[in-house]
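Read the structure below first, then the notes.
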Amino acid sequence: MEKIRMSMDNIGLKQKIALLIIVCVFLPLITTNSFIFWNLKKQSDSEQQKTLENSMNAIVYEFQNAVAEQTSIADYLCRDVRLKNFLGTSYQSESDYYSAYTRLQRADVIQYYYTGQSAYGITVCTDNRTITNGSYFVRSDAVGDADWYQAFKKSSQQVMLYSFYEDGKKSGGYIGKGRHLVWMRKIEGNTNDFVMMDFNYDKLLKKIQMECGSADCYICTDDTILFSTTEKNPQKKQMKNWSDSFLKQCKKETELVFYGKKFCFVLTEDHNGLPEVLNSQKYGLLFLYIMNLLLPCVVSYLFYHSLHDRIALTQHCMDQVKEGTYEVIHCEEGSDEVGSMIRSYNLMIMRIRELIEVVYKNKEKQQNLELSKKQAELNALQSQLNPHFIFNALESIRMHSILKKEMETAKILENFAVLMRKNIQWSQDFVTVDEECENVRRYLEIQKYRFGDRLEFSLCIQDSARRYYIPRFVLITFVENACVHGIEQSIDGGQITVVASEDGEDLYFEILDSGSGMEEEQLEKLQETVSQTDISYIQTAKKSIGIANTVLRLRQYYQDKVQIEISSEIDEGTEICIRMPNHREQS
């Protein structure tokens, strides 16, 4: 055994796994389990199918018989002349009505079916307002809100089979609380009067339980479970909705249609099938299972000693790596895949030591320098951008005050004060789209105060885009450009529209103005500035750095994921489109 164990060290891991699967899995499964389950399942399935077939036929027969019985009772009542005359008579007083009612009772027109047949409840619904509501007769105004009444009236059918759950309120207390399966038929000669036959739910359920045996039975209709042998006292419970999920173990299913209403009869697997067959062959199964355990244990023992010692040592060294200790593995490696893994591991450890000592430390210094540089660039951008819009807004208010000589500028000063606070108190560089658009609105109101009727503006913001975060003051830069270079240079002024929307994983912004527009040379220069701007341009430029500043900030945050497109025509206006990734949190 020891020689066999030692020789296993030189066998490839792939061959070991193949041998393990063949000896410990395939042979036992193929020779034992396949034989057992094939024979037992074949026998069990055959017997079970016969049982379920007989049960299904018996259940369907009982259900059909119950429907036929209710149909015959309803047919007789609907043709009964005494009942028609009783319903068609207009009674002058309650005494006249009770006299006629007593005569009808003595004639056993209705009571007969409670003793001689299976009718659980008989209700005659009538439009005759001189009839008093009672056990058998109910006026339509008392049950007009009931589901069964509304369904029958809307159907415009002579006969109808209907199931529902009565909560004891909708039918005015004349129909008992619980599940009901009813048969309704119009009375011949009486246009709006009809008879409702209530099936004996408990009696029919007991018959179904008796016929289905140990299997579970469901009778479903209108997407609800009407009868279920798995529920306790189901008649008093609300009907549950049914779906294909509870039919996963369905062994027998039949659909029948009664007067336009479809019923689905379902039988699940018999609970007493296969276990009894297995119990009858328990000694043969015990022997086979012992063999299935013994043979894999012997082979597994040989594999265990071949792999365990070296893998355990490798695992110990790998645990040391988690603590920052990089040690090579000292053992007899062998010539199989585990030995190759140990050699590769030792080589990797030596390379890691080298990387830690040389490459990693230098890389860390370089990354720190890059981070410091980017932070300095962002700080430089923010320091230039902070006063930019405040000065433009102040100039707009000042010019308008000089021209109009107006002193009451409270609204404009309020907007200006808000913008100035948000600009000076720059604690975080990201704000929501909703906040940014609110800043744009305040800025445009200031410009509206300056330009008067020459400027009209509108903001269209998609609700789902409001919650995302974008860099502060990125939209105002482009809106300011539209005011200064578009509206101001146009004699007739124009319209500025700002659109913000969500497009999948991106945010999409459009700034449109109907101002003077740009010439082709000017447009190309602006497009070049947008596509090629960098920090050196900002540092050397003396004017018109607003858009370049904003573009550079966007690229610092989003790199190549931000896209800016500018189009313009003389006397037509300018359109700026910005696409950037959406973020639900501040970066």
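The values are calculated or read from the model by the stated rules, or taken from the named source; none is laboratory data. Bear in mind the structure is a predicted one, so any value in this text is a computation, not a measurement. Methodologically, a virtual Cβ is constructed for each residue, glycine included, from the backbone with ideal geometry; neighbour enumeration extends over all protein chains shown. What goes into the accessible areas is simple: the full protein's heavy atoms, side chains included, and nothing from ligands, DNA or RNA. Shrake-Rupley method; radii C 1.70, N 1.55, O 1.52, S 1.80 Å.
A few points about this structure:
- Among the criteria (1) open to solvent by less than 60 Å² (accessible area, probe 1.4 Å); (2) in a helix (DSSP H, G or I), the one Ser531 does not fulfil is (1).
- Residue, modelled with the highest pLDDT, within region 74-121, restricted to residues that are among the β-branched types (Val, Ile, Thr) and within 60 Å of the chain's Cα centre (by Cα): Thr89
- Tabulated pairs, region 435-455, first free of Cβ contacts under 8 Å to residues at least 60 places away in the same chain and open to solvent by less than 10 Å² (accessible area, probe 1.4 Å), second of a type in the set (Lys, Arg) and outside any strand (DSSP E or B), C-beta under 8 angstrom, 6+ apart or interchain: Glu436/Arg472; Asn439/Lys422; Leu455/Lys448
Residue-wise test of (1) without any contact (Cβ under 8 Å) to a residue 40 or more places away in the chain; (2) touching an Asp or Glu at 6+ places or on another chain (Cβ under 7 Å); (3) open to solvent by less than 40 Å² (accessible area, probe 1.4 Å).
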{"residue": "Val479", "(1), (2), (3)": "yes, no, yes"}
{"residue": "Ala500", "(1), (2), (3)": "no, no, yes"}
{"residue": "Asp506", "(1), (2), (3)": "no, no, no"}
{"residue": "Ser516", "(1), (2), (3)": "no, yes, yes"}
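- Applying the set (1) under 20 Å from Asp571 (Cβ atoms); (2) in contact (Cβ under 8 Å) with a residue 60 or more places away in the chain to Tyr468 leaves exactly one unmet item: (1).
- Listed by position, the strands (runs of 3 or more DSSP E) inside region 83-199 whose residues that are within 30 Å of Met239 (Cα to Cα), open to solvent by less than 30 Å² (accessible area, probe 1.4 Å) and small (Gly, Ala, Ser) number at least 1 are 121-126, 159-166, 178-186.
- Criterion: among the aliphatic types (A, V, I, L, M), in contact with a strand residue (DSSP E or B) (Cβ under 7 Å, 6 or more places away or on another chain) and assigned to a helix (DSSP H, G or I) - qualifying residue of Leu523, Leu507, Leu512: Leu523
- Residues of region 60-70 satisfying the condition of being closer than 26 Å to Leu104 by Cα, open to solvent by 20 Å² or more (accessible area, probe 1.4 Å) and not aliphatic (A, V, I, L, M): Glu69
- All of (1) within 36 Å of the chain's Cα centre (by Cα); (2) open to solvent by 30 Å² or more (accessible area, probe 1.4 Å); (3) at pLDDT below 90; (4) over 17 Å from Glu565 (Cα atoms) hold for Asp463 with one exception: (3).
- Region 544-579: number of residues that are more than 23 Å from Glu519 (Cβ to Cβ), at pLDDT 90 or above and open to solvent by less than 40 Å² (accessible area, probe 1.4 Å): 1
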